[in-house]
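J.: I have a structure I would like to understand better, so I am pasting it below and will then ask my questions one at a time.
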Amino acid sequence: MKRIDTTVRSIRKVAEGYFELRFAWELPDNGDPVIGDPVIGDPVIGDPAIGNPAIGNPAIGNPAIGAPSIGGHVNGGHAGDDSPAPGRFVTIRAGGRYDPALRRPFAFSDYSPDAREAAIVFQLRGRGTAFLADLKPGDPLDVLGPLGKGFGSPPRSTRPVLVAGGIGIGPMLYLASALAARADAGLGEAPTLAMGFRSAAYVPGLPLPPGAVVCTDDGSYGYEGTVADYLAGYDPGLPPAFYACGPAPMMAAVGRLAAARRAPYEAAVEQWMACGVGACAGCAVPLKSGAFVRACADGPVLDGDLVDWEASL
Amino acid sequence: MSVSEALDMSVRVGGLVMRNPVGVASGAFGYGEEYESLVDIDALGALYTKAVTPEPRAGNPAPRLADTPAGMLNSIGLANPGLDSFVADKLPGLRARRCAVIVNVAGKTEGDYIRVVERLEAEDGIAGYEINVSCPNVAHGGLAFGTDPAQVERLVRAIRGAQGARSPRRPVIVKLTPNVADIASIAKAAEAGGADAVSCINTLVGMVIDVKARRTVLAMRTGGLSGPAVRPVGVACVYKASRAVSIPVIGLGGISDADDALQYLLAGAVAVQVGTALFARPETPSEILAGVRAFMEKEGVARVGDIRKMLA
Ligand SMILES: Cc1cc2nc3c(=O)[nH]c(=O)nc-3n(C[C@H](O)[C@H](O)[C@H](O)COP(=O)(O)OP(=O)(O)OC[C@H]3O[C@@H](n4cnc5c(N)ncnc54)[C@H](O)[C@@H]3O)c2cc1C
Ligand SMILES: Cc1cc2nc3c(=O)[nH]c(=O)nc-3n(C[C@H](O)[C@H](O)[C@H](O)COP(=O)(O)O)c2cc1C
Ligand code: FES
């Protein structure tokens with residue numbers, strides 16, 4: 001991780017209240033950020049600082065389904081690693097010298113090594129994102145990252161089923177393209193992506209992977225209903241491996257689906273952050289065990305089965 | 001020799017000499033590991049650790065943070081791995097640091113503080129103790145101590161009594177809460193109890209309500225306010241405390257740049273700590289040190305300790 005003063009390459013509105021921000025980002029010369037070595041044998045997540053017992057590595061699939069593939073791998077990324085892997089994030093200074101005092105976290109939605117460019121997709125929420133939405137190409141941008149732990153590779157012979165809602169679309173589109181590239185290289189099954197939006201106006205004007213399913217609450221675009229409704233009747237053809245990022249009710253619903261199918265579930269959580277690097281214990285995410293983990297350092301990708309979604313709602 | 005090399009940046013607190021006046025505040029920096037790649041930790045004057053309590057603490061329910069105008073609220077709840085794990089897992093890394101490592105000590109009872117200090121007296125690699133009598137977060141926690149002069153004096157005396165025969169004796173720094181009517185009387189009580197210094201301020205009690213959801217943003221409802229918004233409160237507290245006692249005062253609260261730090265030094269502080277500003281800009285401590293040096297060169301001040309004599 002590092003803090004860099006970089007510049008905005010482009011900013012554009014991609015849907016009602018959603019923007020894509022692209023910025024210059026140099027990777028050190030240590031290879032391909034997306035298809036890297038397997039991230040197995042990572043230490044257990046959780047820091048005794050917030051009282052978490054060993055709870056297993058969230059980036060590794062459920063052992064009931066099978067060990068993770070050892071071949072090409074979606075690079076989970078970890079502290080000390082500078083790869084902008086899917087599921088990892090940056091924090092951006094979104095305002096003036098003193099205000100807001102806290103940086104704002106956003107997940108990578110893309111990274112292009114050739115263009116030396118990274119991207120985020122963000123939703124307009126308050127003053128920080130309003131500041132970002134007003135940026136122009138060439139404006140300075142203060143970025144800290146890459147932070148946190150990204151997604152792990154799906155277990156062998158499973159169908160990666162990706163689920164996105166709201167602000168989760170950026171990281172899930174990125175993961176979908178990484179998994180599709182991996183499948184093209186013969187290293188796994190092609191993913192499917194289901195995305196939920198309020199209505200057609202919120203469907204982003206971004207390149208969607210082939211076969212992506214769009215669900216809208218009001219049926220104004222694609223499937224009428226929630227992604228959970230859609231997935232309840234969906235047959236992945238293979239045992240599924242769930243990946244999700246979105247609002248807590250959606251995350252909880254995907255958790256119930258995964259449990260019903262005894263499928264692994266990697267969940268990218270959202271929690272307000274102060275330091276973003278694991279030092280302050282502010283971004284605590286409650287687990288069903290009663291312990292807490294840090295969204296920024298132990299996550300944001302966690303074993304969705306362990307997260308107490310009710311307490312997060 | 002250039003003027004810059006001739007500057008005396010050192011700060012004396014009891015028997016401890018810190019090599020410069022800029023430290024990182026308790027709770028903002030963990031035990032240092034996480035900021036390794038972002039901050040030149042060895043170049044700091046001091047590192048104040050996250051609070052250490054006798055038992056591990058999981059901390060408060062989430063959410064623990066709220067964003068406020070030029071600041072933030074936290075209700076971390078003194079989450080920490082506890083005394084045993086601190087000694088086994090965190091202290092070895094801290095011992096290797098070149099800066100002064102000050103352990104922030106918290107507890108629910110006088111006995112808790114004593115237990116932590118007694119145990120740490122047996123360990124090397126610690127430069128001093130900062131006694132957190134002011135954390136507003138934990139029920140039955142520090143607040144009762146820090147708001148009552150009699151209790152502060154008794155607690156400090158007990159901690160002093162628990163110190164072993166180490167020479168030089170490690171300084172006991174009492175960290176004051178601003179959530180009191182008269183901070184000067186608390187500072188005096190700390191001095192009377194035998195404190196080597198006081199630091200101020202800890203966070204101010206605050207609350208944020210999400211109007212749309214009609215509920216408080218923090219699960220604990222209230223939390224501690226920090227960041228640029230509290231700086232004027234901190235500067236005033238340092239001003240009052242430093243005029244009430246003859247022991248050194250260490251200033252903190254909302255320090256984001258050299259100018260902020262200089263306000264504290266002019267108000268009477270011998271040293272400063274940076275907390276919340278680290279989150280926005282991890283380079284803040286080194287920038288402050290450079291800025292204070294530049295000020296001293298420009299004003300012809302040779303010793304950083306002389307800045308506090310310059311307030312008109
Ligand atoms: C790991 C991670 C990845 C994320 N990725 C994305 C992404 O890819 N795209 C995206 O659009 N969003 C993402 N988010 C959410 C994004 O960070 C927030 O939407 C953004 O910070 C809002 O900032 P704002 O200043 O516009 O809103 P604000 O005006 O600050 O806040 C809007 C609301 O949130 C509350 N709030 C704001 N900050 C805090 C805080 N620190 N603690 C408690 N409450 C707070 C406010 O009280 C208000 O109700 C991510 C969050 C995390 C943790
Ligand atoms: C996330 C967070 C955790 C903190 N934890 C502690 C702590 O454990 N012990 C303590 O004495 N102060 C703690 N503080 C208070 C700070 O050390 C400091 O007194 C206060 O934040 C004001 O300084 P600042 O505005 O520079 O942050 C904490 C502050 C924050 C923001
Ligand atoms: S935001 Fe500080 S530990 Fe996660």
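The values are calculated or read from the model by the stated rules, or taken from the named source; none is laboratory data. Given the structure is predicted, the values throughout are model-derived calculations rather than measurements. With ideal geometry, Cβ positions are generated from the backbone for all residues, glycine too; neighbour counts draw on all protein chains shown.
Per-residue answers, yes or no, for (1) within 16 Å of ligand 2 (Cβ to nearest atom); (2) of a type in the set (S, T, Y); (3) crowded, with 17+ Cβ neighbours inside 10 Å:
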| site | (1), (2), (3) |
| --- | --- |
| A:A228 | no, no, yes |
| A:L231 | no, no, yes |
| A:D235 | no, no, no |
| A:P240 | no, no, yes |
| A:A253 | no, no, yes |
| A:L257 | no, no, yes |
| A:M273 | yes, no, yes |
| A:G278 | yes, no, yes |
| A:G282 | yes, no, yes |
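J.: Mind listing whichever residues of segment B:40-65 are crowded, with 22+ Cβ neighbours inside 10 Å, hydrophobic (A, V, I, L, M, F, W, C) and more than 7 Å from every other protein chain (Cβ to nearest Cβ)?
T.: B:L44, B:A46, B:L47, B:A51, B:V52
J.: Sticking with this one: Restricting to segment B:262-287, what's the tally of residues that are closer than 24 Å to B:E191 by Cβ, under 14 Å from the mean Cα position of the chain (by Cα) and outside any loop (DSSP other than H, G, I, E, B)?
T.: Here the count works out to 4.
J.: Still on this structure, I have one more. Only one of (1) at the interface with another protein chain (Cβ under 10 Å from one of its Cβ atoms); (2) of a type in the set (K, R); (3) on the phi > 0 side of the Ramachandran plot fails for A:R294. Which number is that?
T.: Checking A:R294 against (1) at the interface with another protein chain (Cβ under 10 Å from one of its Cβ atoms); (2) of a type in the set (K, R); (3) on the phi > 0 side of the Ramachandran plot, the one that fails is (3).
J.: Among (1) touching a residue at least 60 places away in the same chain (Cβ under 8 Å); (2) out of contact with any Lys or Arg (no Cβ under 7 Å at 6 or more places or on another chain), there is one condition B:P282 misses while meeting the rest; what is its number?
T.: Here B:P282 clears every test but (2).
J.: Within segment B:211-231, is even one residue under 15 Å from the mean Cα position of the chain (by Cα), among the aliphatic types (A, V, I, L, M) and assigned to a helix (DSSP H, G or I)?
T.: Within segment B:211-231, one or more residues are under 15 Å from the mean Cα position of the chain (by Cα), among the aliphatic types (A, V, I, L, M) and assigned to a helix (DSSP H, G or I).
J.: In the set A:A244, A:A259, which member is assigned by TED's automatic domain parsing to the domain that holds A:M195, within 16 Å of the chain's Cα centre (by Cα), closer than 22 Å to A:M172 by Cα and not in a loop (DSSP other than H, G, I, E, B)?
T.: A:A244
J.: From B:S85, B:S37, which residue is surrounded by fewer than 24 Cβ atoms within 10 Å (Cβ to Cβ) and modelled with pLDDT under 95?
T.: B:S37
J.: Any residue at all in segment B:215-225 that is polar (S, T, N, Q) and within 11 Å of chain A (Cβ to nearest Cβ)?
T.: Narrowing segment B:215-225 to residues polar (S, T, N, Q): B:216, B:222.
With the extra rule that they be within 11 Å of chain A (Cβ to nearest Cβ), the set shrinks to none.
So far as segment B:215-225 goes, no, none of its residues is polar (S, T, N, Q) and within 11 Å of chain A (Cβ to nearest Cβ).
J.: Being of a type in the set (A, V, I, L, M, F, W, C), touching a residue at least 60 places away in the same chain (Cβ under 8 Å), within 16 Å of ligand 3 (Cβ to nearest atom) and not in a strand (DSSP E or B) is the filter here, so list the residues in segment A:87-125 that pass it.
T.: Passing the criteria: only A:L102.
J.: Restricting attention to segment A:297-311, which residues are away from chain B (no Cβ under 13 Å) and outside any loop (DSSP other than H, G, I, E, B)?
T.: Scanning segment A:297-311 gives A:P300, A:V301, A:L302, A:D303.
J.: Mind listing whichever residues of segment A:262-280 are outside any loop (DSSP other than H, G, I, E, B) and either without any contact (Cβ under 8 Å) to a residue 12 or more places away in the chain or more than 16 Å from ligand 3 (Cβ to nearest atom) (or both)?
T.: Correct list: A:Y265, A:E266, A:A267.
J.: Does B:A181 satisfy the condition of being in a loop (DSSP other than H, G, I, E, B), of a type in the set (G, A, S) and within 15 Å of ligand 2 (Cβ to nearest atom)?
T.: Criteria not met by B:A181.
J.: Using beta carbons and a limit of 6 Å, which pairs, at least six apart or on different chains, have the first residue in segment B:242-258 and more than 12 Å from chain A (Cβ to nearest Cβ) and assigned to a helix (DSSP H, G or I) and the second one more than 16 Å from ligand 1 (Cβ to nearest atom) and hydroxyl-bearing (S, T, Y)?
T.: Listed pairs, sorted by first residue: none to list.
J.: Quick one: what pairs do we get from segment B:23-34, first residue facing chain A (nearest Cβ under 7 Å), second among the hydroxyl-bearing types (S, T, Y), C-beta under 8 Å, 6+ apart or different chains?
T.: Taking only residues 6 or more apart or on different chains, the pairs are B:A28/B:T276; B:F29/B:Y35; B:F29/B:Y48; B:F29/B:T49; B:G30/B:T49.
J.: Scan (1) facing another protein chain (nearest Cβ under 8 Å); (2) out of contact with any helix residue (DSSP H, G or I) (no Cβ under 7 Å at 6 or more places or on another chain) for the single condition B:L94 breaks and write down its number.
T.: With (1) facing another protein chain (nearest Cβ under 8 Å); (2) out of contact with any helix residue (DSSP H, G or I) (no Cβ under 7 Å at 6 or more places or on another chain) applied to B:L94, the lone miss is (1).
J.: While we're on this one: Any chance you could count how many residues in segment B:34-63 are of a type in the set (D, E, K, R), away from ligand 2 (no atom under 14 Å from the Cβ) and assigned to a loop (DSSP other than H, G, I, E, B)?
T.: Final tally of qualifying residues: 3.
J.: Restricting attention to segment A:255-272, and to residues there that are touching a Leu at 6+ places or on another chain (Cβ under 9 Å) and either within 7 Å of another protein chain (Cβ to nearest Cβ) or among the basic types (K, R) (or both), which single residue is farthest from ligand 1 (Cβ to nearest atom)?
T.: The selected residue is A:Q271.
J.: Which of the residues spanning segment B:259-312 are small (G, A, S), within 14 Å of chain A (Cβ to nearest Cβ) and out of contact with any helix residue (DSSP H, G or I) (no Cβ under 8 Å at 6 or more places or on another chain)?
T.: Listed by number, the residues that qualify are B:G275, B:A280.
J.: Can I ask one more? Could you pull out the residue among B:V274, B:V230, B:V205, B:V301 that is within 16 Å of ligand 2 (Cβ to nearest atom) and surrounded by fewer than 24 Cβ atoms within 10 Å (Cβ to Cβ)? Steps first, answer last, please.
T.: Numbers: B:V274 fails: surrounded by fewer than 24 Cβ atoms within 10 Å (Cβ to Cβ); B:V230 fails: surrounded by fewer than 24 Cβ atoms within 10 Å (Cβ to Cβ); B:V301 fails: within 16 Å of ligand 2 (Cβ to nearest atom).
After applying the criteria, what remains is B:V205.
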